[in-house]
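In what follows, a single structure is set out as C-alpha cells and then discussed.
The values are calculated or read from the model by the stated rules, or taken from the named source; none is laboratory data. From a predicted model like this one, the values you see are computed outputs, not experimental measurements. So basically every Cβ, Gly included, is an ideal-geometry build from the backbone, and we count neighbours across all protein chains shown. Protein only, heavy atoms only, side chains kept; ligands, DNA and RNA dropped before computing areas. Shrake-Rupley method; radii C 1.70, N 1.55, O 1.52, S 1.80 Å.
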Amino acid sequence: MKTITLTPDASGMVDWPTLSNDKKSVVTIGSFDGMHQGHQAVIRRVVELAKKEQSFSVVVLFDPRPALVHGYAAQNGGQEPPAGMIDAQALTSMQERLRAINKLGVDYTLIVRYTLAFAAKSYRFFLGQMVGKLGMRSLVLGSDAAMGANRAGDVKAIENLALATGVFQLDVVDDRGPGETRVPANAKPVMPTDHGEPADPLEGASKAERRAWSKKNQAKAVRVWSSTNVRYLLGQGRIKDADEILGHPHAVEGAVVHGEERGRTIGFPTANLSENVAGYLPVDGVYAGWLVDLGAKTADDDAQDASEGVLQQFDSSSVDARLADHSPYRWPAAISIGTKPTFNEVTGMNDRVVEAYAVTDDWLDLYDHQVRVEFVGFLRPQIKFDSAQDLIDELKRNVEETKRITA
C-alpha cells in the first residue's frame, strides 16, 4: 500500500496528487477510528469494486479525528487543536489503522490533516476534487455517512449529486451490523465492582425497564457497530462485547519504561508502558490478554511519517509477523490498568499506569521496546489488599484465569 500525507493550506485547499493519467479510482472517506467491522465492510467493498473495475482502491483518511477538532474549537474560541495533541478518545493510533487498511489490500491511503478550514468546504466542492484530482468514479460510504460543511453531504444528498452529474456512482454499504443500541449521554468510565466479565445491564430487560434505563441515563441511540459504542463498552470493562464489534482484540501500544520495579520484588515482573500510550485505555482494572514485543524503535521509524506529501510505501510485514497467533514475540498476559491502590499511599504515586505481566518462563528484557497490549477479558476491579502476600495470592489466581481465557 502506498501512503501520502497531505496538509490543507490556510484556506482549506489540498494539493491532491494525480494517481494516474488514465486509471480511475474507487474511494472511501473517513477517520475509521477503531477499524471495527463496519469500517472493514466499507473498505472491503472498495477493494472489491476496484478489482472489478480495474481501478485504484483509495482510502482518504482524516487525522486528527473530526470530533477532536470540532470539540476543541467549541471549547477554545474556534481555535485548532495544537499539533501533536494527544487524542485520549481515539480508539486506535494512525499506525494501527494503516496496518489494518493495508491488510485489506488497499492501493492508496491519503492521510489528510483535518482542519477547520478544510471542514468548511462544501461536500460538492470536495467530491468535485475527488473526481477531478483522484479520478474517482465510484464512492463507497457507510449507511449514515455525512461530509462537508455542517455535514450537509449525507447519503441522500450525495446520491442526488451522483445522479445529477453522472460523473461518479455512489455505493452504500450496510455497515450497521446488528442494528442499534443505546449509550448514556456523556458516558464516563465506571470500573466494575465484581470479578469477571461485566454483563449487559439491559440483558433480559423488558421494554418498560429499557425505557426507564434510557430515561435515567439520558441514553441516545447509536449503531452497535460504532466507535462510540466501543468506547462506552471499554469504559465499562465489557471487553468481550467490544472485541466482538471490532472483530479483533482491542489494543494499545507504547514504549516499555522503567517503573518502580515493585512487581519484580514480589515475583511478577511487568512491562510498564510509558505515559504516551497509543490507543484508548479501558477502565481501571485487571485484564486477561496478550503482550506482543514489536521490537526496539529506530530512527527510521520516527522518520517514516516525516515526509509531507511524499509518496511512501507502507510496509507492516515485520510487525504483522510479530502479531501472528503463534509468534515467539507474543505471550499471554495479565494486564493491570490503574494507580496501584495497594502501594500508592507509600509511594505517593497516583498516576494511571499500564502494566503487563507476560505468562512465560523466559526472562524478558523489553526496556525501550515498543509493545502491544491486547485485551480479551476483564478479570477484576482494582483492589487495595491488606498485605503484599494477599496481592501475590490474587495475582497467582489472575495468571491462572489468564491462561484459561487465552488458551
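Once Lys and Arg get +1 and Asp and Glu get -1 on their Cβ, which of Leu391, Gly132, Ile335 lies farthest toward the positive end of the dipole of the chain?
Of Leu391, Gly132, Ile335, it is Gly132.
Using a 1.4 angstrom probe on the protein heavy atoms only, could you order Ile405, Ile4 from most to least accessible area? Mind dumping the intermediate values first?
Values: Ile405 50, Ile4 10 Å².
Result, largest first: Ile405, Ile4.
What does the charge count around Lys24 come to, taking other residues whose C-beta lies under 11 Å from its C-beta (Lys +1, Arg +1, Asp -1, Glu -1)? Please list the in-between numbers first.
Values: positive: Lys23, Arg137; negative: Asp22, Glu53.
It works out to a net charge of 0.
What number, rounded to the nearest 500 deg cm²/dmol, is the helix-based mean residue ellipticity at 222 nm of the chain, given -39500 (n - 2.57) per DSSP H run of at least four residues and division by all its residues?
Details: 14 runs with 131 residues, N = 407.
Value at 222 nm, helices only: -9000 deg cm²/dmol.
Pull up all non-local amide H partners of His369: gap of 5 or more, or a different chain, and H-to-H distance under 5 Å with H placed in the peptide plane.
It is Val256, by chain and number.
Between Asp325 and Asp200, with labels modelled 7 Å along Cα→Cβ, what's the label distance in nm to one decimal, could you check?
Each label point lies 7 Å from its Cα, and together they span 2.6 nm.
Rounded to the nearest 0.05, what FRET efficiency do Gln389 and Lys103 have when you use their Cβ-Cβ distance and R0 = 35 Å? Don't skip to the end; give the middle numbers.
Working: r = 46 Å, r/R0 = 1.30.
It comes to 0.15.
Tell me the label-point distance for the pair Asp351, Ser214, using the 7 Å Cα-to-Cβ offset, in nm and rounded to one decimal.
4.3
Tell me the relative contact order for the chain as a rounded percent, counting alpha carbon contacts under 8 Å between residues six or more apart. If you can, show how the numbers build up before the last one.
Working: 776 pairs, mean separation 74.0, N = 407.
RCO, the chain: 18 percent.
Give, to the nearest whole percent, the P(r) tail of the chain beyond 35 angstrom, counting all Cα pairs. Walk me through the intermediate numbers first.
Working: 27312 of 82621 pairs.
Percent of Cα pairs beyond 35 Å in the chain: 33.
At 18 angstrom or more along the helix axis (alpha-carbon based) and mean Kyte-Doolittle of -1.0 or higher, what helices does the chain contain? Whole DSSP H runs only. Mind showing how you got there, number by number?
On the way: long enough: 37-53 (24 Å, -0.58); 388-406 (26 Å, -1.06).
Passing helices, by number: 37-53.
Excluding the sites themselves, what is the longest stretch of the chain that contains no chymotrypsin sites (Phe, Trp or Tyr not before Pro) in a DSSP loop with at most 13 other C-beta atoms within 10 Å?
Working: sites that count: Trp363, Tyr367.
Counting at most 13 other Cβ atoms within 10 Å as exposed, the longest clean stretch of the chain is 1-362.
Grab the alpha carbons of region 128-286, take their convex hull, and tell me the volume per residue in Å³. Spell out each step's value before the answer.
Details: hull volume 30.0 nm³, N = 159.
Taking the convex hull of the Cα positions in region 128-286, it is 189 Å³ per residue.
Hey, which aspartates and glutamates would be in cross-link range of Lys52, C-alpha to C-alpha under 15 Å, not counting anything within fewer than 8 residues on its own chain?
Result set, ordered by chain and number: Asp107, Asp171.
Step by step: find N for region 60-156, compute 2.2 N^0.38 Å, then divide the Cα radius of gyration by it. What's the final number? Show your work: numbers first, answer last.
Working: Rg = 14.5 Å, N = 97, 2.2 N^0.38 = 12.5 Å.
Compactness ratio reported: 1.16.
Which of the lysines could a cross-linker span from Lys207 if the Cα-Cα distance has to be under 16 Å and same-chain partners fewer than 8 positions apart are dropped?
Lys215, Lys216, Lys220
Tell me, what is the FRET efficiency for Asn160 and Val257 to the nearest 0.05, using R0 = 45 angstrom and their Cβ-Cβ distance as r?
About 0.25, to the nearest 0.05.
As an exercise, use a Förster radius of 25 Å and the Cβ-Cβ distance of Tyr367 and Gln89 to find the FRET efficiency, rounded to the nearest 0.05. Write out the running numbers ahead of the final one.
On the way: r = 29 Å, r/R0 = 1.17.
Efficiency for this residue pair is about 0.30.
Would you mind computing, in nm to one decimal, how far apart the modelled labels at Lys52 and Met13 are, each placed 7 Å from Cα along Cα→Cβ?
Going from the Lys52 label point to the Met13 one covers 3.7 nm.
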